Each structure stands twice: as structure tokens, then as C-alpha cells.
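Asker: Would you mind keeping the following structure in view while I ask a few things?
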Amino acid sequence: MRLISAEDCEAPVPLWWALVAAAAVIGFALPSFVGLDVVMSTSIIFVYAILTLSMSYLWGYCGMLSFGQTAMYGVGGYAYAVIALNSGNTTIAVFAAVFLGCLFALVIGYFMIYGRISKIYFTVITLVITVVLEKAIRATSDERFTIGSVPLRGQNGISNVPDLQFPWDPSQTLFLDGVYYVALAALLAVFIGLRLLLTTHFGRVLMGIRDNERRSELLGYDTRKYQLGAFVLCGGIAALAGVLYGVWGNFVAPEMMNLNSAANIVIYAIVGGRSTLVGPIAGTAIIQYLTSWLGTAGVGQVTVILGTVLIVFVMLFPRGILPTLGDLIAQVWRFALTGRDRAKLPGARKTSDRWRNA
């Protein structure tokens, strides 16, 4: 099976669907065999994986490296907390938070993309927006900074974020295992949706723009429209991840939008492979597990160790783990097929027998 790469935007084969279904079955069955601590740690991996997908899709398939995904992530989390606490309805709050994330991406993306700034300045501006938004939230410690009846509390964050309610029965809320199932379902939906988007006209045009934007324009495509559409879509996905983070921890804070969070998702994508959709999920799981293990093992200077690991990964796997493994498997498979074809050539068996009897 070929990994999903930037050069492979064909319709998913039946084997792909079978593997996704198997992964879904294993994921939904996991809480029945593990403890609550594993369920919680796995849930946050799903949340971070959704956020990483929103960034890696822009980077790997659209050629747009955005540090602003954590800004939309924070907007989604804060919007959910404020709207849910004011309205008492978490279902409305979820949809409103995702919409506001898309709207925020639309506003900032319009001026950057239609302003024809270069890709390096696009990356820098999204980074600046993230830093400015974090500093703005931290400056709301005064009790006068409230939205409705909800104080923003500055760097202390909002600690009473409500649990998700059942849409058909608001009197009941989801427990921790329920949040796990929702996060897993959201990750599967985002993963499958982005994969199918690659097979559409929109997805193919985005990849064409990534490879050669000027040529795409000469073919008659308004590249700005497609890039803005992808940026808004990924902004909504990042906002959804922010909502799930707030639900998971019943807490939102400016740390969701700091430079550390922005850098982490880039690391996840680099380790797993930004030119795939599976890679960011695998990279998130690997780094999160390694971080948790180092923390529980009492190893000091976790950041230094993770930085060293990242350097090693970049040197040994410049395209990421999954693309590198995919290339290795493809080479072994081609070598095996070539050897089998050589054995069918006239005289090949005699030559083989001669060397065997020598």
C-alpha cells in the first residue's frame, strides 16, 4: 500500500478504507481495555493531531507554512468557553466557535493572501498574529474584561469550561470516555475529509498552486481564492481542536496560543512527515508519548532531549518517518519484483544452479 503523499491524490483504494476502518474499530474499543489515565492521555493526542493536521495540510499540500493555527486554536477554545458559559448550551457553542475560527482566518487571510505577500512573510505575519493575540489575552487580568458574565482572567485562563452536553438532552453531559469518543470521531472525520478533498478539483488545484503558482495563474485559476479557501478551512479545523481541548481539560488559557504550542505542531509534522496525512498523526503520537515518558521517568531537561531527538529525526528522516519508510518499502518491493523477473529470463535458472553447486 502506498502512503498518502503529495504526489498521490487518487481516490482511496479499498485497502485504504479497510485500514481506516480497522484503526477506527481499535480506537473505539480501546477504552474497554485500558484505564482512565490512558484514555485521557490518548484523547489529548487526538486533539493535538487535529491541530497538526490543520497546519500540515496547509504546509504540505498548499505550500503555506502557517504559525497562525494556534491562534485559531485559541480562538476556538475561548469562544466555546465564553459562549457555553453565557448561553448554557454547548451544542450552539461548538458550532459558533468553529464559525468564529473560520471568520478569524478569513479576515487575516484575506489581507495576507490578496495582498500578494511572499510565503516567507506569510509565515512571519502568522507568527506575529499568534504572539500578539496571546499577549492581548494575557492583558485581560482586570475583572473589567468580561464578555457577558464571563471574566477572561488574563493569564489565569477560564477554569470552569463546561462539559459537552448531549444535543438531544442538555441535562446530560459527556464523561471523560465520552470526550475520548468525540475526539476520535472528529479526528477520523477530519482525516477522511482532507483525504477526499485531495481527490476533488479544489484539492488538485491547490497542489498545482503549491508546485507552480505562476503556471496555475496562466492556466486561468485565481490562486488567491483557492489559497484563502484552504486557509479558512484549516482555521475551522484548528478552532475545532481548540473546542475539544477546552472540553478535555475544562480549561482554556493563553498558553494555547504561545510560541511553544506553535512550534510543537511544526515538530509533530516534521517528525511524522508533512507530505502525508498519516504522518502528522503519527508524529503527534510519538512526540507526545516521548514527552510523557520522559516526564514520568523523572528525566531532567526534557526540552533539551526533545530538541536533540528532533535534530536526529531531521538528519535521518528529512521527509519524516512515514515517507521515508514508505520509500524504503517501495525500494524493497521493486527489488523483489526485479529479482523475480530476472529468474524468469532464459538461462537464469541454469546460472543460479551453477552458483548453488559451486
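What follows is calculated from the coordinates using simple rules that are stated; it is not laboratory data. From a predicted model like this one, the values you see are computed outputs, not experimental measurements. When we count neighbours, we look across all protein chains shown, and the Cβ atoms used for this are built from the backbone with ideal geometry, even at glycine.
Asker: Once you keep just the Cα pairs under 8 angstrom separated by 6 or more residues, what percentage relative contact order results for the range 35-106?
Answerer: 22
Asker: Between residue 202 and residue 15, what FRET efficiency comes out of the Förster formula 1/(1 + (r/R0)^6) with R0 = 35 Å and r the beta carbon distance, rounded to 0.05?
Answerer: 0.90
Asker: Charges at C-beta only: +1 for Lys and Arg, -1 for Asp and Glu. How large is the resulting dipole of the chain about its Cα centre, in Debye rounded to 20?
Answerer: Roughly 1600 debye for the chain.
Asker: Right, here's the next one. Taking the Cα centre of each part, how many Å lie between the range 176-219 and the range 238-308?
Answerer: 21
Asker: Calculate one ³J(HN,Hα) per residue across the range 237-253 by plugging θ = phi - 60° into the Karplus curve 6.51 cos²θ - 1.76 cosθ + 1.60, and present them in order as whole Hz with x for glycine and proline.
Answerer: 5, 5, 5, 4, 4, x, 4, 5, 5, x, 5, 4, x, 6, 6, 9, 8
Asker: Starting from 0.36 nm per residue, how many nanometres of slack lie between residue 289 and residue 30 once their C-alpha separation is accounted for?
Answerer: That pair, residue 289 and residue 30, stretches by 91.6 nm at full extension.
Asker: Given (i) 24, 34, 16, 11, 10, 4, 0; (ii) 27, 54, 15, 4, 0; (iii) 29, 56, 15, 0 as candidate values of P(r) over Cα pairs in 20 Å bins from 0, in percent, which corresponds to the one derived from the coordinates?
Answerer: So the structure-derived entry is (ii).
Asker: So what is the relative contact order for the range 240-321, in percent, with contacts set as C-alpha pairs under 8 Å and at least six apart?
Answerer: 28
Asker: Taking the highest mean first, how do the peptides 317-324, 85-92, 262-269 order by number of other beta carbon atoms within 10 angstrom per residue?
Answerer: Sorting 317-324, 85-92, 262-269 by mean packing, highest first, produces 262-269, 317-324, 85-92.
Asker: Sorted by packing (mean other beta-carbon atoms within 10 Å per residue), highest first, where do 209-221, 62-74 land?
Answerer: Ranking, from highest mean packing down: 62-74, 209-221.
Asker: Given 194, 239, 184, which one lies farthest toward the positive end of the charge dipole of the range 179-273, if we put +1 on the Cβ of every Lys and Arg and -1 on the Cβ of every Asp and Glu?
Answerer: 194
Asker: Then there's this: Of the peptides 234-246, 116-128, how do they stack up when ordered by the mean number of other Cβ atoms within 10 Å, highest first?
Answerer: Details: 234-246: 29.9, 116-128: 14.6.
The peptides rank, most packed first, as 234-246, 116-128.
Asker: Follow-up question, since we're still on this one. Please compute the length gained on full extension between residue 314 and residue 213, using 0.36 nm multiplied by the number of residues separating them and subtracting their Cα-Cα distance. Walk me through the intermediate numbers first.
Answerer: Working: separation 101, 0.36 × 101 = 36.36 nm, distance 2.74 nm.
Contour length minus Cα-Cα distance gives 33.6 nm.
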